[in-house]
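Okay, structure first, notes after.
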Amino acid sequence: MLKFLFSFLLVSFSLFAAEDHATVSLQRFQNKLVLTIKHDEGWHTYWKNPGDAGIASSFKFLSSEKKPLSLKTYEWPAPEKHLEAGDILTIGYEGTQHFFFDEVKSAIEADITVLICKDICIPGEAKLSLKADQLFVSNRTTNAYSESELKAAFENLPVEATLPSNFEYSLTRVKDQNLLTLHYSLKGIKNTQLPRKLYLMTAFPYPPFGYKRETLYADGETLYGKTEIEWDGEYQEPVVPLPTSGSFPKNYELPFLFNPPGSLKIQKVILKIKDFSLTTPTLDQFYKKLTPLDSANKIGAVTEASSHGMNIFHYLLLAFLGGLILNLMPCVLPVISLKLFSLIRHQDYSRKQLLRHNLSYTAGVITTFMVLAGLIAGLKATGEEVGWGFQLQSPIFIFSMMLILFILSLNLFGLFEFFTPGGSKLGNAQTEEGIVGDFFGGVLTTILSTPCSAPFLGTALTFAFTTTTSTIFLMFFFIGLGLAFPFLLTALFPKSISIFPRPGAWMEKLKYFLGLSLLVTVIWLYDVFVSLVNFDVISWKINLIFVLWFFAFFFMKKISHHKLLLVAIFLIPLTQTVFALKNLELRAMASEIPKTSLWKAWSEAKLAEEKGKLVFMDFTAEWCLTCKVNKKFVLETNAFEDYAKKNNITLLRADWTKRDDNITHYLKRYGAVGVPAYFIQKADGEVVFLGETISLGKIEKAFN
């Protein structure tokens, strides 16, 4: 019997990415299954812990009956560090890498998903089928890997080992923060240089421990290292708070790759963690006396100042500017108009009173952004991919917003007025008119701003969505601060309001116009809602609910003020609304593009089919008003259509109205976390991200 059997079959390769920049293959070797990724020069994929950014490669196996197979996975090859543009340090692979699994005698299918990067990052997926009676097949013309090469690769995999006696470690907590620091030292070594482009201690992913970069120091024959760790237990289900007692309820066994000086092989070791203590000033002073160490590859130790200094302020500035520009986006104009209406009405207020109102509005904005940041951090902790405006992919959320804005419009049309509990007083304290309304206005503004992607915002959001939990909150805070900033300025400089006309009878008519603008927003959300649900089934119920709410407020205003009768009247739309929210049915089929349209539905497979051609990609959603504006003034013009036909450009449209992880993943890898987003693919396979704003001239320049 032969020692090994070569057998490859490539069935499909759904994205041009790996096909253009990597060779993927599958073969049997000495009772093992070997999956090989050969990267083109300069391109790399990611390890289990990708570092500052990136996504780990994924390997899934199915039987011939399409049932999932759980194969024993041998340790992945030892990765290396890569320093990418923007001081982003990642951990991954270049060259040829072999991954080993237990062999399956019967037919097997492999689904490989990678993110392959050079100057840009491109997601790729390969589906490989391997049968015992087939010979070597690859997606590129290449020879099978020799027995000696595979044997050497297998013998060079990281090995499990115990920590040496000269290695010591401890864990401390930063007081009153969900931040830990792992400290370690390796004593009695003659050479402090690391043998490979890797940390001394490279952490495997292990929630709720969120590892940051390692910092190394040298002192004679001793290496000292520390790694900050964010505790993400509050985002797990159930919540796991960081103990205040200094002792975990269980003993954690944290896996690391160990890369000590003088070692011939990377080792896999386990750090057992049970207790931790508070950081003392003495320990901080101790590190200041040591010399920060760069490893031999000049990437090893990146000081905290370089990774968290100027760069973070650059992104915070972009977040602030992006939030500021959101005020001009069509998504938020109706609610912003209400706030402006309030400012005009309060022109005679003192600076203190204006500041109180605008701080309440700002509090509503910031609070909502913090809630969104918490949701995103929580979803990230569970492994979910999320993007900007993700809540508008929920039909329940959309329906709730429709009702809220509809009821607000009825208020502006004069069918009812808002009252605080107990009338104008709470106890003996006089309430400030409009404070609660200002806060709620800030909440609505934030919610309606999230479908929009403004200039500068895309870069800031990409950084936020791919970084640590604390940075997500910080970035969202600055976006909210930018969104609320114009109204904070009016409080600091009250005379700026004088550019508006003085309050008068004209404001009553303006109220009706603002009520109409809210109804237009409701119609927009209604259109989004229709694209999310099986509307043919529930349309009459939804329409009836709006009619019932209108009649309830009309009854209260024009017919009767009897309290018991009003309670009975309002219970009808309320119960119907609750019932509708519980029974919303998601539409099973995807959004369709008319057959007569020049556009085709985007998919990774479709993109791969267009290899060698010019392709323009429009990532859009029904809830994205900016997308609709760009369609109206650019993509649906005769000039653009003529240009596409003349140059034989394939037009692909990705509809993100409903949650689609493939679209989310693709956007994120190109530095976009929301829509609109526009890409071109050139004939040589190069993909160019055009950003959130486009013009025909910009598109023509990108293709040239």
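Of K541/K563; K250/K582; K131/K606; K197/K682; K606/K658, which pairs sit farther than 31 Å apart, going by alpha carbon to alpha carbon?
Pairs exceeding 31 Å: K250/K582; K197/K682.
Tell me the trypsin sites (Lys or Arg not before Pro) within region 45-108 that lie in a loop according to DSSP and have at most 12 other beta-carbon atoms within 10 Å.
Working: sites: K48, K60, K66, K72, K81, K105; in loops: K66, K72, K105.
Answer in residue order: K66, K72, K105.
Taken together, the values in this text are just the output of simple stated rules run on the coordinates, not laboratory data. Keep in mind that what you see is a predicted model, and the values were worked out from it rather than measured. FYI the Cβ positions are ideal-geometry reconstructions off the backbone, even for glycines, and counts take in every protein chain you see.
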